[in-house]
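Notes follow the structure.
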Amino acid sequence: MRVGVVGLKRGLHLADWCRRLGMEVVAACDRDPGCRAEAGGLLPDAVLTERWQDLLEHRLDGVILANDFDAHAPLAVAFLERGVHVLSETAACADAEEGRRLIEAVDASSATYSFAENYVLHPHVRLIGRALDAGELGRVNLVEADYLHGLPPEAVEELIGDPGHWRGRIAPTAYCTHTVSPVLALTGAWPVEVTAFSADEHDPRAAVVMAIRLSSGALAITRHGFLQGEPDSHWSWVSARGTRALAESVRGPAEEAWSVRIRSEAWANPDGRTREERRVPPPLLLPNTTTEPGTPSPRAVPAASTEHGSAVSRTDETVERDAEGTVLLLQAFQATVERGEPPLIPVRPAVAASLVGVAGAESLENGSRPVAMPGFFRDPTA
Ligand SMILES: NC(=O)c1ccc[n+]([C@@H]2O[C@H](COP(=O)([O-])OP(=O)(O)OC[C@H]3O[C@@H](n4cnc5c(N)ncnc54)[C@H](O)[C@@H]3O)[C@@H](O)[C@H]2O)c1
């Protein structure tokens, strides 16, 4: 599978994983010559260019968009029109009009759109999803998600203080996709109304809390930005309360933060006993990642599959916890492009999550009044 990459910061990390997973990174671009020079060492076989438009001229199966946060949609549309499959970093679109155009472009294209939301695939989120799918929690009525960084004030200023950089110009609600995408994936619901609050009126850009009414009737509470108490699970903490039980990531240090606590009361259990349990995600193994040309791509497998006799050799690599989501989403993109499997996070939930940030910005501007979400992104077949 021949891949192109736009933007070589986060994009270089993704390109490196593509290579390790058996994809061929044939072209990449960044307007910054320093980034291109650094990429040259890691991607010696890729054509490196300054302009993303140059990538349209290459024979690509897929493109990864890791350019500025608020500039993905026009590039996605251009590649989709060329029949190139798109994997786009967060966010999918910067406003409703862009979101509408993106959905139209996907519907009209022979190629597919996948959202690069690794937070949906983090180990703790997958464990919570499994408990929900098994019916352990009942119907979800309250779901919460945090994406928080406990940086010192000067580091925050360095990150979001420059209005010339996308981190400085986007609304404080915009980078909500790492919380909203897991919420939508876990509940299978659409956002219908958003109310946003600054966490601290003395520092309104630093962190926000949003209350999102979902189409299922449940409420989602999301917090993101810069607040003390960051979770060690890649800054992500998720909790789902259902009508019968709770599943939430453990608020603990290091490896513990990837585990999930399940709690159900005596009345909810056939044996009449309270259940309080911790589940630890199995490691994700990657069979020998050194790929010779022509060998099949290695597939990441949960370690548990060894119990069922899968061939897992001694050279297997354990994927770092915070890279599991990235590995799984790149493998899913590969499966979509090479085998026609449906995108893991297709365009509609990607646009929905991104537009929650837009509605949140409008709510903030209007004294935290609730803002109705548009409905055009809802899946017509759902
Ligand atoms: N999913 C994750 O865990 C994760 C982590 C980091 C970043 N991201 C996302 O990846 C995207 C990029 O983030 P980043 O931290 O790498 O940002 P960054 O600003 O540090 O880097 C972006 C790079 O893209 C280049 N670029 C931007 N527009 C370009 C254009 N039109 N043509 C050529 N090059 C261009 C810039 O020169 C820069 O080197 C954002 O959407 C961000 O949200 C996601």
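Looking across region 1-12 at every residue that is within 14 Å of the ligand (Cβ to nearest atom) and touching a strand residue (DSSP E or B) at 6+ places or on another chain (Cβ under 9 Å), the one that is nearest to residue 166 (Cα to Cα) is identified as 7.
From the list 367, 360, the one residue that fits, being part of a helix (DSSP H, G or I) and of a type in the set (Gly, Ala, Ser), is 360. Within region 13-52, the residues that satisfy the criterion of being surrounded by fewer than 23 Cβ atoms within 10 Å (Cβ to Cβ), near the ligand (Cβ under 8 Å from one of its atoms) and either β-branched (Val, Ile, Thr) or in contact (Cβ under 8 Å) with a residue 24 or more places away in the chain (or both) are 13, 32, 35. Taking each residue of region 81-99 that is in contact (Cβ under 8 Å) with a residue 40 or more places away in the chain and polar (S, T, N, Q) and looking for partners that are within 13 Å of the ligand (Cβ to nearest atom) and in a loop (DSSP other than H, G, I, E, B) with beta-carbon atoms closer than 8 Å, six or more apart or interchain, yields 88/116; 90/116; 90/117; 90/175. For region 199-206, the criterion of being crowded, with 19+ Cβ neighbours inside 10 Å and at pLDDT 95 or above is met by at least one residue.
Taken over region 347-371, the residue count meeting the criterion of being touching a helix residue (DSSP H, G or I) at 6+ places or on another chain (Cβ under 8 Å) and either within 30 Å of residue 2 (Cα to Cα) or of a type outside the set (Val, Ile, Thr) (or both) is 12. Take region 71-96 and flag every residue that is under 19 Å from residue 169 (Cα atoms) and either over 18 Å from the mean Cα position of the chain (by Cα) or crowded, with 20+ Cβ neighbours inside 10 Å (or both). Listed by number, the residues that qualify are 72, 73, 74, 89, 90, 91, 92, 93, 94, 95, 96.
Taking into account only those residues within region 64-85 that are more than 18 Å from residue 18 (Cβ to Cβ) and part of a loop (DSSP other than H, G, I, E, B), which is nearest to the ligand (Cβ to nearest atom)? The qualifying residue nearest to the ligand (Cβ to nearest atom) is 68.
Total residues in region 41-70 satisfying the condition of being over 23 Å from the mean Cα position of the chain (by Cα), closer than 11 Å to residue 3 by Cα and of a type in the set (Gly, Ala, Ser): the figure is 1.
Looking across 351, 337, one residue alone is in contact (Cβ under 8 Å) with a residue 12 or more places away in the chain, buried (at least 21 other Cβ atoms within 10 Å of the Cβ) and out of contact with any strand residue (DSSP E or B) (no Cβ under 8 Å at 6 or more places or on another chain). It is 351. Within region 53-63, restricting attention to residues that are in a helix (DSSP H, G or I) and surrounded by fewer than 21 Cβ atoms within 10 Å (Cβ to Cβ), which residue is modelled with the lowest pLDDT? If we take residues in region 53-63 being in a helix (DSSP H, G or I) and surrounded by fewer than 21 Cβ atoms within 10 Å (Cβ to Cβ), then 57 is modelled with the lowest pLDDT.
The values are calculated or read from the model by the stated rules, or taken from the named source; none is laboratory data. Source: prediction; values computed, not measured. Using ideal geometry, Cβ is built from the backbone for each residue, glycine included, and neighbour counts are taken over all protein chains shown.
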